[in-house]
1. Looking at Arg149, is it farther than 15 Å from Leu70 by Cβ, outside any loop (DSSP other than H, G, I, E, B) and of a type in the set (Lys, Arg)?
2. Does Tyr329 satisfy the condition of being within 17 Å of the chain's Cα centre (by Cα) and open to solvent by 50 Å² or more (accessible area, probe 1.4 Å)?
3. Just a yes or no: is a residue in the range 314-329 out of contact with any His (no Cβ under 9 Å at 6 or more places or on another chain), over 17 Å from Cys259 (Cα atoms), of a type outside the set (Gly, Ala, Ser) and part of a helix (DSSP H, G or I)?
4. Ile317 - would you say it is in contact with a Lys or Arg (Cβ under 8 Å, 6 or more places away or on another chain) and among the β-branched types (Val, Ile, Thr)?
5. Looking at Ile45, Ile24, which is the one that is among the aliphatic types (A, V, I, L, M) and touching an Asp or Glu at 6+ places or on another chain (Cβ under 8 Å)?
6. Give Asn218, Asn204, Asn241 a once-over and let me know the one that is surrounded by fewer than 19 Cβ atoms within 10 Å (Cβ to Cβ) and not acidic (Asp, Glu).
7. Within the range 460-485, can you find the residues that are open to solvent by less than 30 Å² (accessible area, probe 1.4 Å) and among the polar types (S, T, N, Q)?
8. I need a count of the residues in the range 156-201 that are open to solvent by 50 Å² or more (accessible area, probe 1.4 Å) and in a helix (DSSP H, G or I).
Amino acid sequence: MMPFPAATQGAQQPAPPPQKHCGISSPISLAAPKDTDRELTQKLIETLKPFGVFEEEEELQRRVSILEKLNLLVKEWIRETSERKSLPQAVVATVGGRIFTFGSCRLGVHTRGADIDALCVAPRHVDRADFFSSFYAKLKLQAEVRALRAVEDAFVPVIKLCFDGVEIDVLFARLALQTIPEDLDLRDDSLLRNLDIRCIRSLNGCRVTDEILHLVPNLDSFRLTLRAIKLWAKCRHIYSNILGFLGGVSWAMLVARTCQLYPNAAAATLVRKFFLVFSEWEWPNPVLLKEPEERTLNLPVWDPRVNPSDRYHLMPIITPAYPQQNSTYNVSVSTRMVMVEEFKQGLAITHEILLNKADWSKLFEAPSFFQKYKHYIVLLASTPTEKQHLEWVGLVESKIRILVGSLEKNEFITLAHVNPQSFPAPKENPDKEEFRTMWVIGLVLKKPEDSDILNIDLTYDIQSFTDTVYRQAVNSKMFEMDMKIAAMHLRRKELHQLLPNHVLQEKKAHFTEGVRLTAVNDSSLHLSLDSENSVRVPSPTSSAKPGPLTGSPQGRSSPVLAVMAASLTNIQAPEVSLQHTSPSENSGVVLSGESLPQTPSQLTISAPPNPTVTRVVSSTHLVNHPPDLQETQQQIYLIL
């Protein structure tokens, strides 16, 4: 018997079964890839290879081996814990327990040398205290384990370690089950019953990742497209959930939605369609991979009809697993503006690639962040030891989005663009051991309608930011007196005093003066070098050095133009005065004072703020004389 019926010549063939659709709407196109699409996809793969986005087989097998060892350790630890708690031997023999992966590793898009996100799932008699005590102690005894650290009081508690050279973050979840079967499907919503909120949060990563994999029509195309988009986002400095851009799971959901809309497309086509869809997306309409399902577990879910706070989310991307959450609640007006503009630029570049006017490497070029803006705020965090610095930098970075949100509320600041990349800062004292990290925020300023002088007082914004950082450090018992934070204002031409040339010249040759950012109201902000909406800045002179954005406790006798550093006894934060003038080289803004620091690294960094605040407001006005007589006048006012 023939395995398939023979087709009679001329007979009508049966219609193929309808394709199953994924997502909340029908696909935009079911078109199959053409030869040119396959060729472009192959070129995309060749372009991605040098970036290390594909893992070698040897490294992949090593990663699998490490996970197997960790899984065996978990099973052994759960059996030992069960025996210690006097469970019957029959139960101990079948108690189970296992390690699940999530994130990029589970999605199959991890890059060379990437860390592993893992979840330890245990039965009901093993609790979180056991995980952070006996399991931590067991890991400590393993020869392959280095850099072991428990973060028990985090929003999602975690044990961090380096296992045989691979960094791993291990979360913990205790299920209301007597045993953990090997074929456990974490997508089962009934597993969430009777769990505490920390276990639900820990399970969420695995549940979301598994749902995404079940909701895309073609896994191979999805994975290749996601590799390209993640690399593009990192190259364009818009990959950071903590700073208000998008994290890995958000990019994965956007790519998954694109795959649902174009289920048969090749990866090269999907990359272009990704930019097409989301450059035109009408935010804040949410991105959904499936219709939210009602459950009787009474867990909080994202629903702007019920939760007023959800109505203020600017770029909602909703996780597909219950309880549905917005993965992009950190997005601000500025970060959304920057990302939408990047979507548009990505669309333009992929159109050039389609027409053979450019190759894929152009899509992954770095941006011109340090040539794009005229004014920058530099945040600086410092500690005397490396161990303190790791925790301090993590805390400061997690709060930068609060400062960005405050800056956005200033009527004269149209955009506050934080660069997710941090940089090592020069030492304040070369003879003293100190660890310093800095972040840079680019500003777009709005010209006042009825004045040529723009006075921006950032005192409150900066003080609120530093107060928040210090308060959390104290509450979490992390703070030590030598942990410092400060900030300063720099003009574009002054960045070289803090940043190395290879950073400043990055992409400089490709910088285009006609860069545009689309504002929230769809009007455009011109960010060209000589835009009328930007503040012209004169070349730095020996008498006009960039000043820190906060004054020292000695600021009354030696007023420094600045706006920020908190002190135990007082706060002195003068007003930064920026002057709009006609486009001549000798006009612009000069920030100076009676006793200015010689270099930006001479910052006064002080300890946590005291509730009693003394505030200094300074206004600087440019006196237009010939260049050889040009000087500044500073007026100091005390506001108690």
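1. yes
2. yes
3. Restricting attention to the range 314-329, the residues satisfying the condition of being out of contact with any His (no Cβ under 9 Å at 6 or more places or on another chain) are 314-319, 321-325, 327.
Those left that are additionally over 17 Å from Cys259 (Cα atoms): 314-316, 321-325, 327.
Among the residues that remain, those that are also of a type outside the set (Gly, Ala, Ser) are: 314-316, 322-325.
Restricting the remaining residues to those that are part of a helix (DSSP H, G or I) gives none.
No.
4. So Ile317 fails the test.
5. Ile24
6. On the way: Asn204 fails: surrounded by fewer than 19 Cβ atoms within 10 Å (Cβ to Cβ); Asn241 fails: surrounded by fewer than 19 Cβ atoms within 10 Å (Cβ to Cβ).
Result: Asn218 is the single residue among Asn218, Asn204, Asn241 that is surrounded by fewer than 19 Cβ atoms within 10 Å (Cβ to Cβ) and not acidic (Asp, Glu).
7. Across the range 460-485, the qualifying residue is only Thr466.
8. 4
The values are calculated or read from the model by the stated rules, or taken from the named source; none is laboratory data. This structure is a prediction, so every number in the text was calculated from the model and none was measured. Here the Cβ is made from the backbone with ideal geometry for all residues, glycine too, and neighbour counts use every protein chain on show. Side chains are part of the model used for accessible areas, which takes the heavy atoms of the whole protein and leaves out ligands, DNA and RNA. Shrake-Rupley method; radii C 1.70, N 1.55, O 1.52, S 1.80 Å.
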